[in-house]
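In what follows, a single structure is set out as structure tokens and then discussed.
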Amino acid sequence: MGYFSPCHDIKGRQRDKDMRKLMLIIALLAAFCPNASAQSDYWQKKARGYQREAEYYQKKAASHRREAEYHLRRAESYQREAAYYSKRGDVGKAKTQTRYAQREMDSYKTEMRHASEADEKAAMYLRWAADALRH
């Protein structure tokens, strides 16, 4: 049987159709497999970005806590000085030192609030990172 025989022609056409279908399936698989990998890579990059943001806010929270401790120590120092001037009878300086101590306590509370907000943001970014890794 030659190449152009009627029997070969019908079987050949069917085989060509089958080969085209197979090639189409392979092409589609090849097209979508890298896409799945790219999607995975996308979410991993997002998770790393979220993790970096979380680390940034954790560092900010630690910095705010250190600053709060500084303000607390200053407030204690001013309170000691206020007590000293109070014992000596210098009411004006005692009031001034008390006012300074109160200002430092306000700064302490503000820094602690900022630390708490930074902790919340860090937790939020860590949740987002965990969600991104689940994709």
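The values are calculated or read from the model by the stated rules, or taken from the named source; none is laboratory data. The shown structure was predicted, so the numbers you read here are calculated from the model rather than taken from an experiment. Note: ideal-geometry Cβ built from the backbone for every residue, glycine included; neighbour counts use all protein chains shown. Each accessible area value is taken on the protein alone, full model and side chains, heavy atoms only, with ligands, DNA and RNA left out. Shrake-Rupley method; radii C 1.70, N 1.55, O 1.52, S 1.80 Å.
Can residue 110 be described as open to solvent by 40 Å² or more (accessible area, probe 1.4 Å), part of a helix (DSSP H, G or I) and modelled with pLDDT of 95 or more?
On the way: open to solvent by 40 Å² or more (accessible area, probe 1.4 Å): yes; part of a helix (DSSP H, G or I): yes; modelled with pLDDT of 95 or more: yes.
Spelling it out, residue 110 is indeed open to solvent by 40 Å² or more (accessible area, probe 1.4 Å), part of a helix (DSSP H, G or I) and modelled with pLDDT of 95 or more.
Would you point out which residue out of 132, 118 is under 21 Å from residue 60 (Cβ atoms), under 14 Å from the mean Cα position of the chain (by Cα) and assigned to a helix (DSSP H, G or I)? Before you say what the answer is, go through the steps one by one.
Numbers: 132 fails: under 21 Å from residue 60 (Cβ atoms).
Sole residue among the options that is under 21 Å from residue 60 (Cβ atoms), under 14 Å from the mean Cα position of the chain (by Cα) and assigned to a helix (DSSP H, G or I): 118.
Matching residues to (1) surrounded by 10 or more Cβ atoms within 10 Å (Cβ to Cβ); (2) at pLDDT below 75; (3) out of contact with any helix residue (DSSP H, G or I) (no Cβ under 8 Å at 6 or more places or on another chain); (4) in a helix (DSSP H, G or I):
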site	(1), (2), (3), (4)
2	no, yes, no, no
17	yes, yes, yes, yes
22	yes, yes, yes, yes
31	no, yes, yes, yes
59	yes, no, yes, yes
82	yes, no, no, yes
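Take residue 89 and tell me if it is open to solvent by less than 50 Å² (accessible area, probe 1.4 Å) and of a type in the set (Gly, Ala, Ser).
Numbers: open to solvent by less than 50 Å² (accessible area, probe 1.4 Å): no; of a type in the set (Gly, Ala, Ser): yes.
No.
I'd like to know if region 79-98 contains one or more residues that are closer than 29 Å to residue 118 by Cα and either out of contact with any Lys or Arg (no Cβ under 6 Å at 6 or more places or on another chain) or among the aliphatic types (A, V, I, L, M) (or both). Lay out the reasoning, then the answer.
Kept after step one, since they are closer than 29 Å to residue 118 by Cα, are these residues of region 79-98: none.
Looking through region 79-98, none of the residues is closer than 29 Å to residue 118 by Cα and either out of contact with any Lys or Arg (no Cβ under 6 Å at 6 or more places or on another chain) or among the aliphatic types (A, V, I, L, M) (or both).
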